[in-house]
Amino acid sequence: MKILDGKVPPGPIAEKWENYKSTIPLVAPNNKRRLDVIVIGTGLAGASAAASFGELGYNVKCFSFHDSPRRAHSIAAQGGINAAKNYQNDGDSVHRLFYDTIKGGDYRSREGNVHRLAEVSTNIIDQCVAQGVPFAREYGGLLENRSFGGVQVSRTFYARGQTGQQLLLGAYQALSRQIGLGTVDMYNRHEMMDIVMVDGKARGIIARNLLTGKLERHSAHCVVMATGGYGNVYYLSTNAMLCNVSAAWRAVRQGAYMANPCFTQIHPTCIPVSGDYQSKLTLMSESLRNDGRVWVPKRKEDAEAIRQGKKSPNDLKEEDRDYYLERRYPAFGNLVPRDVASRAAKVACDEGFGVNPTGLAVYLDFAAAIQRYGLSEANTQGNKNPDAETIRILGEAKVEELYGNLFEMYEKITGDNPYKTPMMIYPAIHYTMGGLWVDYNLETNIPGLFALGECNFSDHGANRLGASALMQGLADGYFVIPYTIGTFLSNDIRTSRFSADSEAFMAAEKAVDDRLKGLMNIKGNQSVETFHRKLGHIMWNYCGMARNAEGLEKARTLIRALREEFYKDVFIPGTDNDFNPELEKAYRVSDFLEMGEIMILDAYNRNESCGGHFREEYQSEEGEAQRNDDAYTYVAAWEWKDTSTEPVMHKEELKFENVELKTRSYK
Amino acid sequence: MKLTLHVWRQKAANDPGTFEKHNVEADEHMSFLEMLDVLNQTLIEQKKEPIAFEHDCREGICGACSMMINGRPHGPLNGTTACQLHMRHFKDGDQIWIEPFRAKAFKVVRDLVVDRSSFDRIIQAGGFISVNTGQAVDGNTIPIEKERSSSSMDAAACIGCGACVAACPNGSAMLFTAAKAAHLGILPQGEVEEDRRVLSMVTQMDKEGFGRCSNTYACEAECPKEISVTNIARLNRAYLKASLRSDL
Ligand SMILES: Cc1cc2nc3c(=O)[nH]c(=O)nc-3n(C[C@H](O)[C@H](O)[C@H](O)COP(=O)(O)OP(=O)(O)OC[C@H]3O[C@@H](n4cnc5c(N)ncnc54)[C@H](O)[C@@H]3O)c2cc1C
Ligand code: SF4
Ligand code: FES
């Protein structure tokens with residue numbers, strides 16, 4: 001086991017970044033032109049990084065497996081992006097955002113990184129406004145904010161329910177501008193298959209042209225990965241269907257460490273599963289908890305009657321409903337953090353209070369909000385004594401203005417009208433806090449290999465607060481990596497371009513080719529999808545919302561057996577030197593089958609409950625998570641060589657100098 | 001419910017392609033794409049090539065899914081992408097015809113997958129505001145009227161799916177291009193560059209082989225994000241103004 005150094009610069013927390021930034025070696029403009037940077041991914045993190053590198057004058061090659069940079073999964077983010085602007089004058093500050101993020105992450109993130117994130121958050125909003133992101137505005141023309149879970153200020157900026165789309169379009173447009181100017185070469189429908197190492201440094205990649213199946217060798221002075229999260233290891237998640245861990249996992253196979261892989265986030269408000277054909281789960285944005293009230297029936301008989309269709313939610317009187325979040329957590333109520341809200345829903349359903357036929361759903365109710373908004377709207381219009389119908393109409397109009405597209409999406413999927421009957425929701429896998437281990441410079445333990453956005457582990461500890469992933473992706477891409485990359489590249493200004501025909505590249509290409517041919521040659525009987533679903537079941541049942549040692553041991557055996565079966569019995573139609581989406585799925589699932597095992601190991605190792613990682617053995621009498629700060633205030637960074645070598649855990653100790661470790665309380 | 005599908009199969013751009021018939025059993029709660037997943041699973045079990053179609057978010061936001069369903073881009077429901085269409089809108093015994101988006105500027109890749117990279121090149125030509133990272137002023141120094149910001153957002157909601165092109169008898173990309181021009185041009189930040197933006201985007205659009213707009217409004221009717229054709233009128237005005245000015 002090694003002890004890893006996060007390389008956080010010295011000095012008072014609020015000055016670290018500013019001081020450090022001014023000491024990072026610069027690369028002169030004429031030298032930048034001679035330096036090649038590969039960026040993989042065009043989500044918020046990748047597109048913002050590639051665009052910024054291009055603007056600075058680096059020679060950039062950017063890769064995405066999508067047909068266009070604009071389709072990256074970031075496009076789907078709904079609710080918003082945080083920033084410590086304090087435009088609402090409600091007591092927000094950089095320090096408060098820093099503190100909320102550390103606390104929200106259950107004290108398992110690195111102070112230095114999180115403070116920097118909070119600092120640059122304000123620049124992000126400015127940048128996006130300048131790019132033309134149409135954020136929501138108040139009547140006075142100023143930027144509007146809303147609240148998200150786990151905080152008591154309003155610091156979330158949003159563009160209707162399509163914040164991710166608008167931010168990504170901003171970054172995509174900045175990237176497109178650089179492509180037009182010729183500073184960035186864009187390779188769409190190109191999948192990174194492996195990192196190429198030259199003398200222990202990342203100096204290029206092997207990419208597969210997905211349209212032709214041809215392998216390509218691309219060299220560069222360094223490689224920046226922004227390839228997203230691994231939530232789809234669970235098969236069913238809110239992530240876009242094509243999200244996968246392969247890029248990150250290939251880096252791990254080359255020696256990069258995977259940090260805190262068991263820290264996964266379950267989002268409390270998703271549309272429940274409806275059948276076994278289900279391909280993905282749909283998120284209902286957290287912003288809904290600003291106004292929606294979560295409840296289940298107080299009596300089991302009522303829940304039973306509802307499940308059987310004999311009663312409807314509107315039949316239940318106020319006093320027969322259990323608004324369990326408001327009851328258990330009066331200080332934060334419906335706006336407790338995601339991990340807390342998710343577990344509470346699970347408890348309610350496990351105890352028999354679930355409200356859909358499968359018993360795995362709770363209500364999210366807008367009736368009170370419609371009343372409240374309707375009344376206040378009527379009053380503003382000078383109607384001091386409005387009738388019920390007027391209130392309803394005005395209230396629904398306001399709710400539509402706030403959440404219209406989400407309500408519409410819900411109705412499209414379920415066929416129910418949430419203005420009239422409460423939504424049904426259940427937790428689902430949503431985000432992965434774990435990821436490639438990186439230091440303060442966002443560099444992995446492989447020199448010259450950087451990781452940004454959801455694919456690194458850096459800022460969210462054991463639980464991410466809502467609206468903070470977009471913030472992190474753009475912080476990393478616009479405001480951190482353009483500086484910190486200098487720490488590596490300034491040593492390379494005399495290094496000439498690398499040939500992509502060297503032995504290292506040829507060998508890497510051959511290894512990828514062998515792997516693909518190996519998969520094609522299995523010629524078994526089961527589809528890739530079949531294996532992915534089975535993997536998902538194992539992960540959800542044993543390494544999902546609640547975990548315990550016994551289950552995790554069993555899961556490890558199951559996953560190994562499944563992997564073996566995969567390599568014996570998977571069937572992939574078509575050929576490897578052609579457009580072949582099934583082959584793409586196959587190699588992604590083969591990587592998930594290894595990633596899943598490391599998640600299980602990590603969950604097993606961490607004998608505590610913190611954030612999204614809930615070990616049933618470690619809970620208080622009221623069922624709250626119990627951390628073990630003495631033993632586990634560290635980052636677990638896993639080294640994985642191959643399937644026949646036992647993975648090794650390395651540690652980065654977390655030092656808290658600016659916040660006091662406390663039991664997280666939202667009561 | 002039992003359905004008969006007629007699915008377009010085409011190996012590559014230069015292959016003539018043909019309809020292939022499949023009988024499927026579907027559940028009313030399934031999404032349209034889940035129905036295709038189930039069919040693909042069966043095909044794979046029979047060691048046949050599954051139907052290639054593009055998809056990713058399955059929430060109507062990424063713009064990946066793209067298919068004609070019974071002659072309409074994204075199918076029968078207005079304001080709905082193919083991935084958000086659910087089988088409860090079909091009935092037992094229905095015949096469903098599924099084809100790729102067809103247009104001169106969208107070459108077929110395989111089956112229902114087409115190449116829409118021409119859209120990217122239109123944006124690269126000018127669909128942006130030229131501001132480098134770090135050059136921005138404080139977000140609140142430019143107040144923007146709520147309505148103005150809101151109409152910019154209406155246009156910005158375009159997901160780049162290409163249904164407008166597929167719906168248009170001329171294969172025109174006017175609605176897509178106009179939506180981007182409006183998103184940026186309506187905002188004060190985007191006004192400065194408007195002339196250059198509209199001229200270069202329209203030039204690129206023509207270069208890509210998209211047809212001329214003859215105001216049939218089929219695009220608006222089929223757009224899953226209900227982008228309004230008023231954006232096209234706006235683009236025409238802006239283009240005219242810009243051409244006059246650039247002639248000076
Ligand atoms: C439904 C939903 C709603 C959300 N809402 C919010 C929200 O309101 N606020 C918030 O802060 N966060 C939200 N999140 C989380 C947030 O959207 C993501 O964490 C974030 O967008 C990830 O951005 P990214 O740039 O790291 O990666 P992504 O956007 O996932 O991009 C990954 C990129 O990498 C490319 N790629 C991956 N592997 C390879 C490879 N091998 N070769 C080539 N290219 C590759 C892909 O093509 C893609 O371009 C939401 C997430 C979901 C699922
Ligand atoms: S304008 Fe509408 S139909 Fe055309 S690309 Fe945009 S969203 Fe699709
Ligand atoms: S799959 Fe993303 S819009 Fe349909």
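The values are calculated or read from the model by the stated rules, or taken from the named source; none is laboratory data. Because the structure is predicted, anything quoted here is derived from the model rather than measured. In this analysis, Cβ positions are derived from the backbone assuming ideal geometry, glycine residues included, and neighbour counts consider all displayed protein chains.
Pull up the stretch B:206-248, narrow it to residues that are in a helix (DSSP H, G or I) and within 14 Å of the chain's Cα centre (by Cα), then point me to the one that is farthest from ligand 1 (Cβ to nearest atom). Per the stated criteria, the residue is B:218.
Yes or no, residue by residue, for (1) within 27 Å of the chain's Cα centre (by Cα); (2) crowded, with 20+ Cβ neighbours inside 10 Å; (3) not in a helix (DSSP H, G or I):
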position: A:305; (1), (2), (3): no, no, no
position: A:309; (1), (2), (3): no, no, yes
position: A:325; (1), (2), (3): yes, yes, no
position: A:343; (1), (2), (3): yes, yes, no
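Matching residues to (1) more than 16 Å from ligand 2 (Cβ to nearest atom); (2) within 21 Å of residue B:24 (Cβ to Cβ); (3) basic (Lys, Arg):
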position	(1), (2), (3)
B:57	no, no, no
B:68	no, yes, no
B:74	no, yes, no
B:77	no, yes, no
B:90	yes, yes, no
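Looking only at residues in the stretch B:145-155 that are in contact with a helix residue (DSSP H, G or I) (Cβ under 9 Å, 6 or more places away or on another chain) and more than 21 Å from residue B:210 (Cβ to Cβ), the one that is nearest to ligand 1 (Cβ to nearest atom) is B:153. Of all residues in the stretch B:83-116, count the ones that are more than 9 Å from every other protein chain (Cβ to nearest Cβ) and either more than 24 Å from residue B:212 (Cα to Cα) or not hydrophobic (A, V, I, L, M, F, W, C) (or both). Qualifying residue count, the stretch B:83-116: 19.
Counting only helices (runs of 4 or more DSSP H) wholly contained in the stretch B:137-197, the ones carrying 1 or more residues that are within 24 Å of residue A:121 (Cα to Cα) occupy B:146-156, B:174-185, B:188-191.
The residues in the stretch B:42-71 that are more than 12 Å from every other protein chain (Cβ to nearest Cβ) and away from ligand 3 (no atom under 15 Å from the Cβ) can be counted, and the count is 2.
Residues in the stretch B:145-177 that are within 21 Å of residue A:75 (Cβ to Cβ), in contact (Cβ under 8 Å) with a residue 40 or more places away in the chain and either more than 8 Å from ligand 2 (Cβ to nearest atom) or more than 8 Å from chain A (Cβ to nearest Cβ) (or both): 13 in all.
Just checking, how many residues over the stretch B:63-118 are within 16 Å of ligand 1 (Cβ to nearest atom), within 23 Å of residue B:228 (Cβ to Cβ) and out of contact with any helix residue (DSSP H, G or I) (no Cβ under 7 Å at 6 or more places or on another chain)? Residues meeting the conditions: 2. The helices (runs of 4 or more DSSP H) falling completely within the stretch A:432-532 that include 2 or more residues that are among the polar types (S, T, N, Q) map to A:481-489.
Spot the failing condition for residue A:636; the list is (1) exposed (fewer than 14 other Cβ atoms within 10 Å of the Cβ); (2) closer than 17 Å to residue A:105 by Cα; (3) among the small types (Gly, Ala, Ser), and only one is missed. With (1) exposed (fewer than 14 other Cβ atoms within 10 Å of the Cβ); (2) closer than 17 Å to residue A:105 by Cα; (3) among the small types (Gly, Ala, Ser) applied to residue A:636, the lone miss is (1). The set of residues from the stretch A:123-159 being surrounded by fewer than 24 Cβ atoms within 10 Å (Cβ to Cβ), within 30 Å of residue A:667 (Cα to Cα) and within 9 Å of another protein chain (Cβ to nearest Cβ) comprises just one member, A:144. Within the stretch B:21-41, the residues that satisfy the criterion of being in contact (Cβ under 8 Å) with a residue 24 or more places away in the chain and part of a strand (DSSP E or B) are B:25, B:31. Number of residues in the stretch B:101-123 that are part of a helix (DSSP H, G or I) and in contact (Cβ under 8 Å) with a residue 24 or more places away in the chain: the value is 5. Condition check: crowded, with 20+ Cβ neighbours inside 10 Å, under 20 Å from residue A:65 (Cα atoms) and facing chain B (nearest Cβ under 9 Å). Does residue A:192 satisfy that? Spelling it out, it is not the case that residue A:192 is crowded, with 20+ Cβ neighbours inside 10 Å, under 20 Å from residue A:65 (Cα atoms) and facing chain B (nearest Cβ under 9 Å).
What do you reckon, is residue A:45 more than 29 Å from residue A:611 (Cα to Cα) and modelled with pLDDT of 95 or more? So residue A:45 does not fit the description; no.
When residue A:215 is tested against (1) within 14 Å of another protein chain (Cβ to nearest Cβ); (2) under 30 Å from residue A:529 (Cβ atoms); (3) surrounded by fewer than 24 Cβ atoms within 10 Å (Cβ to Cβ), exactly one condition is not met: (1). Taken together, the residues in the stretch B:178-224 that are more than 12 Å from every other protein chain (Cβ to nearest Cβ), under 23 Å from residue A:170 (Cα atoms) and of a type in the set (Ser, Thr, Tyr) amount to 1. All of A:272, A:261 fail the test of being assigned to a loop (DSSP other than H, G, I, E, B), within 14 Å of chain B (Cβ to nearest Cβ) and away from ligand 2 (no atom under 16 Å from the Cβ), apart from A:272.
When residue A:277 is tested against (1) hydroxyl-bearing (Ser, Thr, Tyr); (2) within 30 Å of residue B:35 (Cα to Cα); (3) modelled with pLDDT of 95 or more, just one condition goes unmet, and that condition is (3).
Might you let me know whether the stretch A:56-71 holds any residue that is touching a residue at least 60 places away in the same chain (Cβ under 8 Å), within 12 Å of chain B (Cβ to nearest Cβ) and under 23 Å from residue A:440 (Cβ atoms)? Yes, the conditions are met somewhere in the stretch A:56-71. As an exercise: evaluate residue B:77 against (1) within 16 Å of ligand 3 (Cβ to nearest atom); (2) in contact (Cβ under 8 Å) with a residue 24 or more places away in the chain; (3) in a loop (DSSP other than H, G, I, E, B) and give the number of the one condition it does not meet. Result: residue B:77 fails condition (2) only. Only one of the numbered conditions (1) at the interface with chain A (Cβ under 9 Å from one of its Cβ atoms); (2) under 22 Å from residue A:141 (Cα atoms) is violated by residue B:124, and that is (2). Applying the criterion of being of a type outside the set (S, T, N, Q) and in a strand (DSSP E or B) to the residues of the stretch A:580-620, the residue that is nearest to residue A:631 (Cα to Cα) is A:610.
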